[in-house]
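**Q** I'd like to ask you about the structure that follows.
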Amino acid sequence: MSIDPAAAERLKELVGPKGFTEDPRQIAPHLLEWRGKYRGRSSLLLRPHSTAEVSRILAICDETRTPVVPQGGNTGLVGGQIPFDGEVLLSMSRMNRIRDINSDGMSAVAEAGVILAQLQDAADRADCYFPLSLASEGTCTIGGTVSTNAGGINVLRYGNMRELVLGLEVVLPDGRVLDLLHALRKDNTGYDIKQLFIGAEGTLGVVTAVVLKLFSKPVERVTAFVALPDVRSAIALLHRMQHAIGGLVSAFELMPRIGLDMVLAHIPQTSDPLQTRAPWYVIAEATAGANSPLQEPMEQCLAVAIEDGVATDAVVAASETQREALWRLRESLSEAQKPEGGSIKHDISLPIAAIPDFLLRGGAAVEKLVPGVRAVPFGHLGDGNVHFNFSVPQGGDSAAFLARWEEISRVVHDTVQDFGGSISAEHGVGVMKRDEILRYKGTGEVEAMRVLKRALDPHNILNPGKVIEL
């Protein structure tokens, strides 16, 4: 499709010279997702600077039936932020004010274009803590993390973005503004409308501002890197740690040896923190307020785990520099897979107790399809979210391997279904899993999603073709 010239002129006049570009060189970075799997096209990029402008943009688009795709930091991994058919691209980058940090009420108000790391820093300066933490936190935006219900490493303790949102400001597809910017912790006055837009990937409305929960800043922090004989031992260690330190484990991240080897081979300034190799590792972190010592109980827990054979070795960070070095091993894993050739990725969640058996069965099923494939499963074991990734066999043809993405994903997702899991844990649906969810969701649930989409976006102008197709 092409954008109607008359509609384009109205939109450009509305936002002014600073609020749009038609320069293909400036638009190009917005059209390619991080992994390079999805490439889109658009001739008009809009950058509104206020909710009022977003409202008028959507009113014009609805009136002229001009499709529009909202975009935050372009860090999504399922194609939800990419305009595939020449739609208007709506970047929220200029809506980047932190409107308020309320340390008494433990809340913050941030516009959709605020970078996650900037909000973390602002909360820290106010002696507060915002716990959402992702590998992409230096580029992802608050609006994007709301629209995808982002997770990250601290879900075990603090929950997904859905649990961190108190209120929203949302522009509906016809331009109406919903002012739901309430900081109340309790509000039982009917339907909780804001929940419709969290995880909707910009298909029901455009999030322009968010009220977020803040927490007391952690004073005590202990971080351990632990070697383990198998995944079942990792689960046992999690239970031991939670019991030993009173449920204060914030993060519990699983890594396989092959993943650590990739990081050590391709990421500068990394080193193996342990002397001996192991099949599996976890990075565990616990946090607490003042006068809540964590180091001794953590070390005692690890010593007993090693004595009992649950763990084989461990190191506890003795400084912030060491802590950052340990986390760099985990947070660089996705980047480290790139030089290894084509990688087929899955973002799944499972009952935690089922993960060991799933990894064995799912890995064997993909190995049968692609002999020599390299399984690289890692992620947020503490909340059941596994990034079940596969790298091309050593020396294999990456293009031929990636061409089998759908075939391999079908096998993986069918296995996930058998174990009572979900085919999307924190990345969303986008276009990648839009058709897949029809296979795994009940017909009533799918139709309810379509009813909501038709009710809020009857002309299907807002991120069409993503999440659910009408």
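**Q** Given the criteria loosely packed, with under 13 Cβ neighbours inside 10 Å, at positive phi and outside any helix (DSSP H, G or I), does residue 428 qualify?
**A** Details: loosely packed, with under 13 Cβ neighbours inside 10 Å: no; at positive phi: yes; outside any helix (DSSP H, G or I): yes.
Here the answer is no, as residue 428 does not meet what is asked.
**Q** Being surrounded by fewer than 22 Cβ atoms within 10 Å (Cβ to Cβ) and either aromatic (Phe, Trp, Tyr) or in a loop (DSSP other than H, G, I, E, B) (or both) is the filter; apply it to the range 205-225 and report the residue that is nearest to the chain's Cα centre (by Cα).
**A** Here the residue is 215.
**Q** Any residue in the range 223-242 that is aromatic (Phe, Trp, Tyr) sitting within a Cβ distance under 6 Å of a residue that is assigned to a strand (DSSP E or B)? List the pairs, counting only those 6 or more apart or interchain.
**A** So the pair list comes out as 225/283; 225/315.
**Q** For a quick check of your reading: which helices (runs of 4 or more DSSP H) sit entirely within the range 312-384 and have at least 3 residues that are free of Cβ contacts under 8 Å to residues at least 12 places away in the same chain? Talk me through it step by step, then tell me what you get.
**A** Values: elements: 320-331, 333-337, 355-369.
The qualifying helices (runs of 4 or more DSSP H) are 320-331, 355-369.
**Q** All but one of (1) surrounded by fewer than 13 Cβ atoms within 10 Å (Cβ to Cβ); (2) within 29 Å of residue 172 (Cβ to Cβ) hold for residue 453, so report the exception by its number.
**A** That leaves (1) as the condition not met.
**Q** Answer with yes or no whether residue 200 is closer than 26 Å to residue 452 by Cα, surrounded by fewer than 22 Cβ atoms within 10 Å (Cβ to Cβ) and in the same structural domain as residue 133 (by TED's automatic domain parsing).
**A** Spelling it out, it is not the case that residue 200 is closer than 26 Å to residue 452 by Cα, surrounded by fewer than 22 Cβ atoms within 10 Å (Cβ to Cβ) and in the same structural domain as residue 133 (by TED's automatic domain parsing).
**Q** Of the conditions (1) of a type in the set (D, E, K, R); (2) over 17 Å from the mean Cα position of the chain (by Cα); (3) part of a loop (DSSP other than H, G, I, E, B), residue 406 clears all except one; give me its number.
**A** (3)
**Q** Pairs, please: C-beta under 9 Å, at least 6 apart or cross-chain, first residue assigned by TED's automatic domain parsing to the domain that holds residue 232 and within 16 Å of residue 300 (Cα to Cα) and in the range 277-289, second among the aromatic types (Phe, Trp, Tyr) and modelled with pLDDT of 95 or more?
**A** Note: pairs meeting the criteria are 284/225; 284/252; 285/252; 285/327.
**Q** Among the residues that make up the range 328-339, is at least one of them of a type in the set (Gly, Ala, Ser), in contact with a strand residue (DSSP E or B) (Cβ under 7 Å, 6 or more places away or on another chain) and at pLDDT 95 or above?
**A** no
**Q** Shifting gears a bit: For residue 295, are the conditions met, namely being more than 18 Å from residue 243 (Cα to Cα) and either in the same structural domain as residue 133 (by TED's automatic domain parsing) or out of contact with any helix residue (DSSP H, G or I) (no Cβ under 8 Å at 6 or more places or on another chain) (or both)?
**A** no
**Q** Moving on to the next point. Select from the range 18-41 the residues that are closer than 16 Å to residue 92 by Cα and not hydrophobic (A, V, I, L, M, F, W, C) and list them in ascending order.
**A** 18, 19, 21, 26, 29, 30
**Q** So which of 329, 350, 302 ends up being in the same structural domain as residue 392 (by TED's automatic domain parsing), buried (at least 18 other Cβ atoms within 10 Å of the Cβ) and not acidic (Asp, Glu)?
**A** Criteria check complete, one pass: 350.
**Q** Okay, next question. Only one residue in 50, 133 is of a type in the set (Gly, Ala, Ser), surrounded by fewer than 24 Cβ atoms within 10 Å (Cβ to Cβ) and in the same structural domain as residue 173 (by TED's automatic domain parsing). Which one?
**A** After applying the criteria, what remains is 133.
**Q** Now a separate question. Considering only residues that are of a type in the set (Gly, Ala, Ser), farther than 24 Å from residue 248 by Cβ, touching a residue at least 60 places away in the same chain (Cβ under 8 Å) and assigned to a loop (DSSP other than H, G, I, E, B), which ones fall in the range 143-192?
**A** 175, 183
**Q** Quick one: in the range 105-142, which of the residues that are part of a strand (DSSP E or B) and over 20 Å from the mean Cα position of the chain (by Cα) is farthest from residue 51 (Cα to Cα)? Spell out how you get there, then give the answer.
**A** Taking the range 105-142 as the starting set, the residues that turn out to be part of a strand (DSSP E or B) are 107-111, 115, 128-129, 141.
If we keep only those that are over 20 Å from the mean Cα position of the chain (by Cα) as well, we get 107-109, 128.
Working: 107: 21, 108: 18, 109: 14, 128: 27 Å.
It comes out as 128.
**Q** Restricting attention to the range 392-403, report how many residues are assigned to a helix (DSSP H, G or I) and either aliphatic (A, V, I, L, M) or without any contact (Cβ under 8 Å) to a residue 40 or more places away in the chain (or both).
**A** Final tally of qualifying residues: 3.
**Q** Restricted to the range 86-112, and to residues that are closer than 15 Å to residue 45 by Cα and either free of Cβ contacts under 8 Å to residues at least 60 places away in the same chain or not charged (D, E, K, R) (or both), which residue is surrounded by the most Cβ atoms within 10 Å (Cβ to Cβ)? Even if it seems obvious, please write down each step before you answer.
**A** In the first step, residues of the range 86-112 are kept if they are closer than 15 Å to residue 45 by Cα; the result is 86-95.
Those still in the list that are either free of Cβ contacts under 8 Å to residues at least 60 places away in the same chain or not charged (D, E, K, R) (or both) too: 86, 88-93, 95.
Details: 86: 16, 88: 24, 89: 26, 90: 25, 91: 24, 92: 28, 93: 19, 95: 25.
Ranking the qualifying residues of the range 86-112, first place goes to 92.
**Q** What number of residues within the range 430-470 satisfy the criterion of being under 22 Å from residue 420 (Cβ atoms), without any contact (Cβ under 8 Å) to a residue 12 or more places away in the chain, out of contact with any helix residue (DSSP H, G or I) (no Cβ under 8 Å at 6 or more places or on another chain) and aliphatic (A, V, I, L, M)?
**A** 1
**Q** Restricting the search to the range 11-47, which residues are out of contact with any strand residue (DSSP E or B) (no Cβ under 7 Å at 6 or more places or on another chain), not basic (Lys, Arg) and not in a helix (DSSP H, G or I)?
**A** Selection gives 16, 22, 23, 33, 34, 36, 38, 40, 43.
**Q** Now for a separate question. Can you tell me which of (1) in a loop (DSSP other than H, G, I, E, B); (2) without any contact (Cβ under 8 Å) to a residue 12 or more places away in the chain is the one residue 63 doesn't meet?
**A** So the condition that residue 63 fails would be (1).
**Q** Inside the range 451-470, can you point out the residues that are in a helix (DSSP H, G or I) and over 24 Å from the mean Cα position of the chain (by Cα)?
**A** If the condition is that a residue be in a helix (DSSP H, G or I) and over 24 Å from the mean Cα position of the chain (by Cα), then 451, 454, 455, 456 are the ones that fit.
The values are calculated or read from the model by the stated rules, or taken from the named source; none is laboratory data. Since we're looking at a predicted model, the values are computed, not measured. Don't worry about glycine lacking a Cβ; one is built from the backbone with ideal geometry, like all the others, and counts go over all protein chains shown.
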